[in-house]
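A.B. asks: The structure that follows is given in the form of structure tokens.
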Amino acid sequence: MYNKVKLMVEIGKLEVRFESNLDTRVMKELSDFRDKICNDDILQAAIAFGRLQATIGKTTEEIQTISCILENAKPVSNMSIEELEFTVRTYNVLRGAQVKNVEQITEMSSEGWTKIKNLGRKSYEEIAEKMHGLGLEIAPYGKSTEVC
């Protein structure tokens, strides 16, 4: 996953540069790119970045930095639970269960969720919401109701 803070700093630098020139086309593309980053829409952010590059037309230091951040983004499955910014309670519960990354979260079974000590519905819902934000789904909380 890309570093959202670094991206916002670079977007801010570009906004200052192009706002003073009153280049409304660039400002529109910057705004669109920022919105996609804020919404964690990776595919749409990449498309918006391409439009931004085409609109600016020349390589700037900020564009190079943004490009580098996006190119060095690691796969979502390798994201650590620290990067997901869970509440302290949810983070501690996951850490106590030896869950270290997104891949382990997505591989958890329904029964597995109920076996995690001190994991309640609220923490489960927080985890499910974060995974949904990454475009991932997790097993439901509780025992499977499948009939053989």
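A.B. asks: Taking Cα centroids, how far is region 28-66 from region 86-148 in Å?
C.D. replies: Measuring centre to centre over Cα atoms gives 33 Å.
A.B. asks: Going by how many other Cβ atoms sit within 10 Å of their own, how do THR65, THR90 line up, fewest first? Could you put the intermediate results ahead of the total?
C.D. replies: Details: THR65 16, THR90 22.
Ranking THR65, THR90 by Cβ neighbours within 10 Å, fewest first, gives THR65, THR90.
A.B. asks: Another one. How many percent of all Cα-Cα pairs in region 81-133 sit more than 19 Å apart?
C.D. replies: Details: 138 of 1378 pairs.
That fraction is 10 percent.
A.B. asks: So, one more: Would you work out the relative contact order for the chain, in percent, from Cα pairs under 8 angstrom that are 6 or more residues apart?
C.D. replies: Details: 129 pairs, mean separation 30.9, N = 148.
The normalised contact order for the chain reaches 21 percent.
A.B. asks: Which order results if THR55, THR114 are arranged by neighbouring Cβ count within 10 Å, fewest first? Don't skip to the end; give the middle numbers.
C.D. replies: Working: THR55 15, THR114 12.
Ordered from fewest to most neighbouring Cβ atoms within 10 Å, THR55, THR114 come out as THR114, THR55.
A.B. asks: With Kirkwood's inverse mean 1/r over C-alpha pairs for Rh, give me the Rg to Rh ratio of region 4-73, two decimals please.
C.D. replies: Values: Rg = 10.9 Å, Rh = 11.8 Å.
That ratio is 0.92, to two decimals.
A.B. asks: Using only the alpha-carbon atoms, what does the chain span along each of its principal axes? Please give whole angstrom values in decreasing order.
C.D. replies: 63, 32, 23 Å, listed from the longest principal axis down.
A.B. asks: So, one more: Using Cα atoms only, what is the angle between the long axis of helix 42-56 and the major principal axis of the chain, expressed in degrees (0 to 90) to the nearest 10?
C.D. replies: Taking Cα atoms only, the helix is inclined about 10 degrees.
A.B. asks: I would also like to ask the following. Find the relative contact order for region 4-73 and round it to a whole percent, using C-alpha pairs within less than 8 Å whose residues are 6+ positions apart. Write down the numbers at each step before the final one.
C.D. replies: Numbers: 44 pairs, mean separation 26.0, N = 70.
For region 4-73, the relative contact order is 37 percent.
Rule-based calculations on the coordinates, nothing more; no lab input. These numbers come from a predicted model, not from an experiment. Methodologically, a virtual Cβ is constructed for each residue, glycine included, from the backbone with ideal geometry; neighbour enumeration extends over all protein chains shown.
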